[in-house]
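Student: There's a structure below that I have some questions on.
The values are calculated or read from the model by the stated rules, or taken from the named source; none is laboratory data. Bear in mind the structure is a predicted one, so any value in this text is a computation, not a measurement. Neighbour counts run over all protein chains shown; Cβ positions are idealised from the backbone, glycine included. Heads up: the accessible areas ignore ligands, DNA and RNA and are worked out on the full protein's heavy atoms, side chains in. Shrake-Rupley method; radii C 1.70, N 1.55, O 1.52, S 1.80 Å.
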Amino acid sequence: MTFLWAGLLVILIAVPLLAALYLWARRRRRPAAARYSSVSLIRAAGPPARRWRRHLPFVLFAAVIAALAFAIARPTVVLSVPSSQTNLVLAMDVSGSMCSTDIEPTRIEAAQAAAVAFVESQPAGTHIGLVAFSGFAAIIEAPTSDRAAVVDAIRSLTTGRRTAIGSGIQASIDALAEVDPNVPPVVTEGRPGVEPKPGVPGTYLTDIVVLLTDGANNAGPEPLEAAQQAANRGLRVYTIGYGTAAGGEMQAQCRRQFLGNEPGGGFGGGGGGGGGGGGGFRRGIDEDTLKAIAELTGGTYSPAESAGELGEVFADLPTTLITRREPVEVSVAFVALGGLLAGGALLLGRAWRPLP
């Protein structure tokens, strides 16, 4: 539980002050002395519970003050609310290592097939976009309900140099900002963007990012800085580490496209064909960073070392049961509690008034 006006909790100081005042007043009020032959006769004459009954109305009154102090401070709790619509961005690594043949026919072709199957399996309420990144990142398709457009965009991907995971996350944020006014675009050099308003920790939008990479960041902004920008906007990032430990040969046609794709060029133009191979490539996934990205943003990390495993990872993504976590103010609950306690104090005070 958090408080929107936490400073007003200072009102709670009134509770111990009232208790001290109550005890002081009780001690000053000394009843007239009466002589009895035995103290045991006095105890036997009164009800056994009269001592705690005498103080219970005040205890209830003090609890009323405490409840109202909590209500004035505007307490909030975070609740998960189901959503019927999700905006989702696939951020796919298209660096040269995706030409590796350790996953047949190549990593990029297997990833494209799995991504297409994933897109086609999503419910109508899911809007899907595509971001591709190598040494830079680009929005290939903003989130849309047009499945054919997204599928065509996925099938058009080609490879480029280097791996800019942070740029991929930032481009994904900007892609979501194009369709969701609750997502401010990223502040980058040369473009002001918008800084998000501070939110309640642990709250999330229904927008999510699925980031697939087979390498480690070696260009662009730091991935964890970009992940923090996503977290500040309530965006969850699900990361996938893709490729085998042994690696594989580079497919010739895919590799030629990679060598000819200079920085600043596009990512469209078709996937690789078959046959041939160049130099080998070993897996170099920075799993610690991918896990940290997922943990920071409320997502999860999943490894995939085959086309089948990648398909299972996509299938297990929680896109059909997405909930948004929203802060809900519960001041009214404390007001109601205070009212009940006040009513109880008045009723007990009247009922037990004849008691000494």
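Student: What dipole magnitude, in Debye to the nearest 20, does the stretch 100-168 give about its Cα centre under +1 on Lys/Arg Cβ and -1 on Asp/Glu Cβ?
Tutor: Result for the stretch 100-168 is approximately 240 debye, rounded to the nearest 20.
Student: Keeping all protein chains in the complex and leaving out DNA, RNA and ligands, what accessible area do you get for Glu225 with a 1.4 Å probe, in Å² to the nearest 10?
Tutor: Here the residue's solvent-accessible area equals roughly 120 Å².
Student: If the convex hull of the alpha-carbon atoms of the stretch 104-185 is projected onto planes in all directions, what is the mean projected area in square nanometres?
Tutor: That works out to 5.6 nm².
Student: Residues with beta-carbon under 14 Å from that of Ala91, excluding Ala91: net charge, scoring Lys, Arg +1 and Asp, Glu -1?
Tutor: -4
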